Amino acid sequence: MKRLAIYSIIRKDIRGITVNTRLFASIWIVPIIFTVFFPSIFVFSIHMVPDDPDFIKLLEQFPASLQMESTDLSIIALIANYILPVFFLMIPIMTASIMAASAFVGEKERRTLETLLYCPLTLKEIFHAKVLASFLLSMFVSLSSFLVMLIVLEVEVFFLMGSLLVPGISWLIVMLLIAPAISLIAITLIVLGSAKAKSVEEAQQSAVFLVIPIILLFVGQFSGVLFLGNWVLLGLGILCAGAAFVLLLQSMKHFTYEKLLK
Amino acid sequence: MQAITIQNLSKTYETGKEAVKNLSLSLEAGEVFGFLGPNGAGKTTTVKLLTGILTPTSGTCRVFDLDPQTEANRVHAVSGIVTEHAQMYDHLTAMENLMFYASTFGINRSEAKKRSETLLAEFELTDAKDQKLASFSTGMRQRLSLARALIHRPSILFLDEPTSGLDPENAQRVHQMIRKLASEEHIAVFLCTHQLRYAQEVCTRYGLMDEGTLLVTGTLEELRTSTFSGQTLSIRADRLPAGLPFVSCGDSFYTTSIRSEQEIPDLIRTLVAQGVNLYEVSVKKPSLEDIYFALTAKQTEGF
């Protein structure tokens, strides 16, 4: 019974975004820039620009496992495996921020929050449904973007360099563990902000100027972490997932209906 | 089991406003309880306390023996709640809204569809079932809110001003529905309103609130007896009866106070014996409005 109720809140929230075609289109703009535009610029630039001897020297410093059959391919593989994964930490956070920021305060402004609170779910369950709705949408956008990026990259590399790129194992850890965990942390914090905010604008401002910059500060260091190896990456992923889980469980502890409707 | 039990319930907001002061009352299943009073009397606050939305400053309340403070979600499972601030989604149709709220109560899709169609028909909204709520009038929204509150077959209905903003025809329709629910489905109804005339048509028992204080509770007869010492006998006659305590009210109407209906036959006999021509005799019982104004006047005098 509760599962059906939570599922219906998630479906209603996601539908609220998808029926608004302008909003839904804006959710896709950043992922398309990150997954189609930027990678294509990298591939074409690397292919067009003549080899720089300094850069070749730099490449030689990297482990043999990172060396490919040509300099161009080595650089593209380096970018694909160490720079592009960082984008996939940003995409779900930025996608979810629009939906998560209005999770509670949006309902309050439309005067539908009180009605929602009258359903037989606890505050915590309603909160989890709200977080899950934003999380599922962000994961859908993120995984679709990954698929699009993979197709675009492979097609471009194949036609320009006559070879195919094999994504590293780190992609698997990033896409299935680290990105979901970090976006869950960000979404939980943004939804929590939405529960406290007085208006959608206030919730969006705290998401854009507080939560996202702090998360991105951490994400900015991520290229370096990728060089430390897959086991370190896996450990970090498990740590983030644990932190996300604890945050999700603890976040609505001190909330009451009265505080939420204030 | 009692539908509602309230004991010494008080609520003071952070601003210092005492919205409810030491309220105690109870409500049986199947009763339509009219919780009456002007705006700001504390009616909505009481509904919010009973549904767990507000935390009381002191005192206790229980709904079907459930504590709204610790088991609000279980109280919601047995309650249908309509308040001014509990609106539905404008971007969804009437049918989609009802289906959504049904699913939040764990009702499966096929049953929810059947129940929604029945309620839409009962509230005469079948023709508008595929229209988005954004295009609904106030009356249509209010009727849909009632349908939404009934979607999970609640045991108690909390209705906070359910007819505010409705035209008389729609208000009448809503009241008929409330009466029907109480008599046929044995649902307890906690009806908050400041429209005393409508309340008198629907409720079986009343509680009159003013400035957070419950002035009195009881059936209409009990309130009449406790507030007024008698009734008013009104006659239309060709002249003022001599030696009788009648007062002229203009247009050949005369009134006098009587303690009980037993006094009427003797009075009429005396009038006829005096040769007074009588065209009309009626007993005017105090209405809920009369009782309310008498009580609030007493309250003011007390200060």
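Each value in this text was obtained by applying a stated rule to the coordinates, not by laboratory testing. From a predicted model like this one, the values you see are computed outputs, not experimental measurements. Virtual Cβ from ideal backbone geometry, glycine too; neighbours counted across all protein chains shown.
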Of all GluC sites (Glu not before Pro) in region A:140-219, the ones in DSSP coil with at most 10 other Cβ atoms within 10 Å are none
Here the percent of antiparallel bridges among DSSP beta bridges lying wholly in the protein assembly as shown, to the nearest 5, is 65 percent
Filtering GluC sites (Glu not before Pro) in region B:1-74 by DSSP loop and by at most 12 other Cβ atoms within 10 Å leaves B:E14
Among B:S116, B:N97, B:F293, the residue whose Cα sits farthest towards the positive end of the charge dipole of the protein assembly as shown, when +1 is placed on the Cβ of each Lys and Arg and -1 on the Cβ of each Asp and Glu, is B:F293
Tilt, helix A:123-161 to longest principal axis of chain A (alpha-carbon atoms), in degrees rounded to tens, equals 20 degrees
per DSSP, antiparallel bridges as share of beta bridges in chain B, % nearest 5, sits at 65 percent
Assertion target for A:T95, B:T270, ordered by fewest C-beta neighbours within 10 angstrom first, is B:T270, A:T95
Region A:232-262 and region B:256-297 have their Cα centres apart by a whole-number Å value of 71 Å
Plugging the Cβ-Cβ distance of B:S164 and A:E69 into 1/(1 + (r/R0)^6) at R0 = 60 Å yields, to the nearest 0.05, a FRET efficiency of 0.20
Checking region B:226-271 for trypsin sites (Lys or Arg not before Pro) in a loop per DSSP with at most 10 other beta-carbon atoms within 10 Å yields B:R259
In nm, the gap between the two label points placed 7 Å beyond Cα toward Cβ at B:E201 and A:F209 is 5.4 nm
With +1 at each Lys and Arg Cβ and -1 at each Asp and Glu Cβ, the charge dipole magnitude of chain A around its Cα centre, to the nearest 20 debye, comes out at 1700 debye
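Looking at the square roots a ≥ b ≥ c of the eigenvalues of the Cα gyration tensor of chain B, which shape do they give, rounded for a/c under 1.5, prolate if a/b is larger than b/c, or oblate?
prolate
At R0 = 35 Å, how high is the FRET efficiency between A:A25 and B:S137 if r is their beta carbon distance? Nearest 0.05 is fine.
0.60
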Footprinting proxy, B:H175, B:H76, A:H254: sorted fewest to most Cβ within 10 Å, the residues are A:H254, B:H175, B:H76
Once the dipole of region A:43-181 is set up from charges on Cβ (+1 Lys and Arg, -1 Asp and Glu), the residue from the list A:I173, A:T71, A:I46 lying farthest towards its positive end is A:I173
Helix B:94-104 sits off the longest principal axis of the Cα atoms of chain B, rounded to the nearest 10 on a 0 to 90 degree scale, by 70 degrees
Toy charge model, Lys and Arg Cβ at +1, Asp and Glu Cβ at -1: chain B dipole around Cα centroid in debye, rounded to 20, equals 300 debye
Taking B:Y206, B:Y254 and counting other beta carbon atoms within 10 angstrom, the fewest-first order is B:Y254, B:Y206
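Can you compute the charge dipole magnitude of the protein assembly as shown about its Cα centre, using +1 on each Lys and Arg Cβ and -1 on each Asp and Glu Cβ, nothing else charged? Give it in debye, rounded to the nearest 20. List each step's numbers first, then the result.
Values: 47 positive and 52 negative charges, 164 e Å.
Charge dipole of the protein assembly as shown: 780 debye, to the nearest 20.
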Note to self, the protein assembly as shown gives a 222 nm [θ] from helices alone (DSSP H runs n ≥ 4, -39500 (n - 2.57) apiece, / all residues, nearest 500) of -16500 deg cm²/dmol
Of the residues B:S252, B:Q142, B:V202, the Cα lying farthest along the dipole of the protein assembly as shown towards its positive end, which is defined by charges on the beta carbon of Lys, Arg, Asp and Glu, belongs to B:S252
At the level of C-alpha centres, the distance separating region B:121-182 and region B:4-69, in angstrom, is 24 Å
Per-residue average of other protein chain Cβ atoms inside 10 Å, peptide A:119-126 -> 5
Which of A:K12/B:K43; A:K130/B:K48; B:K48/B:K129; A:K259/B:K132 exceed 26 Å between C-alpha atoms? The answer is A:K12/B:K43; B:K48/B:K129; A:K259/B:K132
Filtered hits (lysines, Cα-Cα < 22 Å from B:K284, offset >= 8 within chain) -> B:K298
